[in-house]
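Chemist: Handing you a structure now.
The values are calculated or read from the model by the stated rules, or taken from the named source; none is laboratory data. Please read all numbers here as calculations on a predicted model, not as lab measurements. Cβ atoms come from the backbone with ideal geometry, glycine included; neighbour counts cover every protein chain shown.
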């Protein structure tokens, strides 16, 4: 059993907390803190589906399985960090400050690649968010770290390409609406590059 405590805490969301793995600096452990295990169960199931179908994990955090912790079942993922071992920063940090013009231009290019990747690898993300997409400077890539799941009651879009592509595009369009509302300058740059 892995012992987790606040010294390993990376961050918390509504339902889960994320901790650095005490025995492996390259991994993190997500545990449910709300009592609602549906998010972890859906993520676990969907990642297993992706692994079984040989999906590339180039733009999403790798999943390593389940481990028992003092806080209950934990899901082990790749910890996205930079060369200095700091956890990589989310898009919101770069877009909010908007004083990293070179990085913002790079990130806009990377967003286009991320959309292509999701469609080509047939990966559904429940909710694309600026906080859940990290820019890993050390590898010059964007990585989605949360919400990789299909939470449909009957997950037809997981198995039928037409519905899956439509779902990915709809989710991306919602993400772009959020981008336009919150960071209009970045949104304009994105569409100038299309």
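Chemist: Regarding segment 65-77, can at least one residue be identified that is over 13 Å from the mean Cα position of the chain (by Cα), buried (at least 16 other Cβ atoms within 10 Å of the Cβ) and in a helix (DSSP H, G or I)?
Modeler: No, because not a single residue in segment 65-77 is over 13 Å from the mean Cα position of the chain (by Cα), buried (at least 16 other Cβ atoms within 10 Å of the Cβ) and in a helix (DSSP H, G or I).
Chemist: A follow-up question, please. Taking the stated definitions as given, is residue 112 within 19 Å of residue 192 (Cα to Cα), in the same structural domain as residue 176 (by TED's automatic domain parsing), out of contact with any helix residue (DSSP H, G or I) (no Cβ under 9 Å at 6 or more places or on another chain) and not in a loop (DSSP other than H, G, I, E, B)?
Modeler: When the stated conditions are applied, residue 112 does not pass them.
Chemist: Also: Would you mind stating whether residue 57 is surrounded by 13 or more Cβ atoms within 10 Å (Cβ to Cβ), out of contact with any strand residue (DSSP E or B) (no Cβ under 7 Å at 6 or more places or on another chain) and either in a strand (DSSP E or B) or not assigned by TED's automatic domain parsing to the domain that holds residue 147 (or both)?
Modeler: Yes; evaluated as a whole, the condition is true for this residue.
Chemist: Further question: Examine segment 98-106 for a residue that is in a helix (DSSP H, G or I), under 14 Å from residue 190 (Cα atoms) and in contact with a strand residue (DSSP E or B) (Cβ under 7 Å, 6 or more places away or on another chain), and state whether such a residue exists.
Modeler: Scanning segment 98-106, I find no residue that is in a helix (DSSP H, G or I), under 14 Å from residue 190 (Cα atoms) and in contact with a strand residue (DSSP E or B) (Cβ under 7 Å, 6 or more places away or on another chain), so the answer is no.
Chemist: Out of curiosity, is residue 158 assigned to a helix (DSSP H, G or I) and surrounded by fewer than 18 Cβ atoms within 10 Å (Cβ to Cβ)?
Modeler: Numbers: assigned to a helix (DSSP H, G or I): yes; surrounded by fewer than 18 Cβ atoms within 10 Å (Cβ to Cβ): no.
Criteria not met by residue 158.
Chemist: Taking residue 129 as meeting all but one of (1) surrounded by 14 or more Cβ atoms within 10 Å (Cβ to Cβ); (2) under 20 Å from residue 55 (Cα atoms); (3) without any contact (Cβ under 8 Å) to a residue 60 or more places away in the chain, write down the number of the exception.
Modeler: (2)
Chemist: Related question: Does residue 124 count as surrounded by fewer than 17 Cβ atoms within 10 Å (Cβ to Cβ), in contact with a helix residue (DSSP H, G or I) (Cβ under 8 Å, 6 or more places away or on another chain) and either at negative phi or at pLDDT 95 or above (or both)?
Modeler: Values: surrounded by fewer than 17 Cβ atoms within 10 Å (Cβ to Cβ): no; in contact with a helix residue (DSSP H, G or I) (Cβ under 8 Å, 6 or more places away or on another chain): yes; either at negative phi or at pLDDT 95 or above (or both): yes.
Answer is no for this residue.
Chemist: Just to be sure I understand, how many residues within segment 2-30 are closer than 14 Å to residue 147 by Cα and touching a helix residue (DSSP H, G or I) at 6+ places or on another chain (Cβ under 8 Å)?
Modeler: Selection size over segment 2-30: 3.
Chemist: Could you tell me whether any residue of segment 81-90 is assigned to a loop (DSSP other than H, G, I, E, B), in contact with a helix residue (DSSP H, G or I) (Cβ under 9 Å, 6 or more places away or on another chain) and either without any contact (Cβ under 8 Å) to a residue 12 or more places away in the chain or surrounded by 16 or more Cβ atoms within 10 Å (Cβ to Cβ) (or both)?
Modeler: There is at least one residue in segment 81-90 that is assigned to a loop (DSSP other than H, G, I, E, B), in contact with a helix residue (DSSP H, G or I) (Cβ under 9 Å, 6 or more places away or on another chain) and either without any contact (Cβ under 8 Å) to a residue 12 or more places away in the chain or surrounded by 16 or more Cβ atoms within 10 Å (Cβ to Cβ) (or both).
This table checks each residue for (1) in the same structural domain as residue 36 (by TED's automatic domain parsing); (2) modelled with pLDDT of 90 or more; (3) within 30 Å of residue 8 (Cβ to Cβ).
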{"position": "83", "(1), (2), (3)": "no, no, yes"}
{"position": "99", "(1), (2), (3)": "no, no, no"}
{"position": "104", "(1), (2), (3)": "no, no, no"}
{"position": "116", "(1), (2), (3)": "no, yes, no"}
{"position": "131", "(1), (2), (3)": "no, yes, yes"}
{"position": "142", "(1), (2), (3)": "no, yes, yes"}
{"position": "152", "(1), (2), (3)": "no, no, no"}
{"position": "163", "(1), (2), (3)": "no, yes, no"}
{"position": "177", "(1), (2), (3)": "no, yes, no"}
